[in-house]
Structure formats: structure tokens, C-alpha cells
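> Below is a structure I'd like to ask you about.
The values are calculated or read from the model by the stated rules, or taken from the named source; none is laboratory data. Computed from a predicted model, the values in this text were never measured in an experiment. Because the Cβ atoms are built from the backbone with ideal geometry, glycine has one as well, and the counts that use them run over all protein chains shown.
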Amino acid sequence: MSAEEWTDARRDLAEALRAGYAVLKAGGRAVDAVEAAVVVMEDSPHFNAGHGAALNENGIHELDASIMDGETLAAGAVSAARAIRNPVRVARALMDDGRAVFLTAAAADRFAEAKGLAVEPQS
């Protein structure tokens, strides 16, 4: 990364920390703070997550995320999702839904769409 890209990445990381801290400062739960921080990182082109994720050998994003609530030990995870902007939001929705813990590929994309989460067209 260039010096400018490092500066931008540090700026985005600071934004992620602020997002998580704001949730905690407002009395939110740790799992909410983690989700907020990760969404910022997924939206940044400077991290290997969401928008900035590395492409597979076919030039397509296949995104993974997982989240766990340390208080309840509930968890949710998605993998190989192709049409999800923020996979951590989908993992969280899956955790909160409670019917499954893990979905992959098209099943994760369908779940995201059914939950009304932002879904991008597949490339």
C-alpha cells in the first residue's frame, strides 16, 4: 500500500473504533458494537472484508462473516456469499433469527434478501 493508502486505512480503522465505541457509550451491547465496527471496515476498500475483499480466482467476491454473542453464546455465520454488501449484518440477522447458525453461498444471499438487507447484484 502507498503512504496515502495507509493513511486512508488508518482513518477508516479509527472510524470503525469510533462506531463501536459510540454504541458502547450509549449503553449498547458489545455484540452491537462489534457489528457497528465491522460494518465500517466492510464498507472500506482498505480492508479484506466486504467492499475491500479480495476477489476469488474468477474475479468474484465470496464473502464470509461470523458473529457471536458472548453473553448468550448465540452465533451466526455466512460464507461464500456473493450478493451481500455487509456479510456481518447477515451473520447477525442469522444469529438473531435463531433457525440456523451457518449458511453458505446462495442460501446466505437468499436469507439476506428475505431479511431485507442490502443485496448487490452478482457479477
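> Quickly run through segment 38-60 and pick out the residues that are part of a loop (DSSP other than H, G, I, E, B) and within 25 Å of Thr7 (Cβ to Cβ).
Result: Ser44, Pro45, His46, Phe47, Asn48, Ala49, Ala53, Ala54, Leu55.
> Additional query: Which members of segment 30-58 meet the condition of being crowded, with 18+ Cβ neighbours inside 10 Å, among the small types (Gly, Ala, Ser) and in contact with a strand residue (DSSP E or B) (Cβ under 7 Å, 6 or more places away or on another chain)?
Within segment 30-58, Gly50 is the sole residue that qualifies.
> Identify, please: which residue in segment 31-72 is of a type in the set (Ser, Thr, Tyr) and touching a residue at least 24 places away in the same chain (Cβ under 8 Å) and is, among those, farthest from Asp97 (Cα to Cα)?
Result: Ser44.
> Does segment 74-88 contain at least one residue that is assigned to a helix (DSSP H, G or I) and either modelled with pLDDT of 95 or more or touching a strand residue (DSSP E or B) at 6+ places or on another chain (Cβ under 7 Å) (or both)?
Among the residues of segment 74-88, at least one is assigned to a helix (DSSP H, G or I) and either modelled with pLDDT of 95 or more or touching a strand residue (DSSP E or B) at 6+ places or on another chain (Cβ under 7 Å) (or both), which makes the answer yes.
> Related question: For segment 1-29, which residues satisfy the criterion of being surrounded by fewer than 11 Cβ atoms within 10 Å (Cβ to Cβ) and either of a type in the set (Gly, Ala, Ser) or touching a residue at least 60 places away in the same chain (Cβ under 8 Å) (or both)?
Those that are surrounded by fewer than 11 Cβ atoms within 10 Å (Cβ to Cβ) and either of a type in the set (Gly, Ala, Ser) or touching a residue at least 60 places away in the same chain (Cβ under 8 Å) (or both): Ser2, Ala3, Ala26, Gly27.
> State the number of residues belonging to segment 1-32 that are among the aliphatic types (A, V, I, L, M) and either in a loop (DSSP other than H, G, I, E, B) or closer than 25 Å to Leu73 by Cβ (or both).
Counting residues in segment 1-32 that are among the aliphatic types (A, V, I, L, M) and either in a loop (DSSP other than H, G, I, E, B) or closer than 25 Å to Leu73 by Cβ (or both) gives 8.
> Shifting gears a bit: Quick one: Glu35 ticks every box in (1) touching an Asp or Glu at 6+ places or on another chain (Cβ under 6 Å); (2) part of a helix (DSSP H, G or I) except a single one, so which number is it?
Just one mismatch for Glu35, condition (1).
> For the structure I just gave you, tell me whether Asp64 is touching a Phe, Trp or Tyr at 6+ places or on another chain (Cβ under 9 Å), charged (D, E, K, R) and either surrounded by fewer than 19 Cβ atoms within 10 Å (Cβ to Cβ) or under 27 Å from Glu5 (Cβ atoms) (or both). Write out each step before concluding.
Details: touching a Phe, Trp or Tyr at 6+ places or on another chain (Cβ under 9 Å): no; charged (D, E, K, R): yes; either surrounded by fewer than 19 Cβ atoms within 10 Å (Cβ to Cβ) or under 27 Å from Glu5 (Cβ atoms) (or both): yes.
In short, no.
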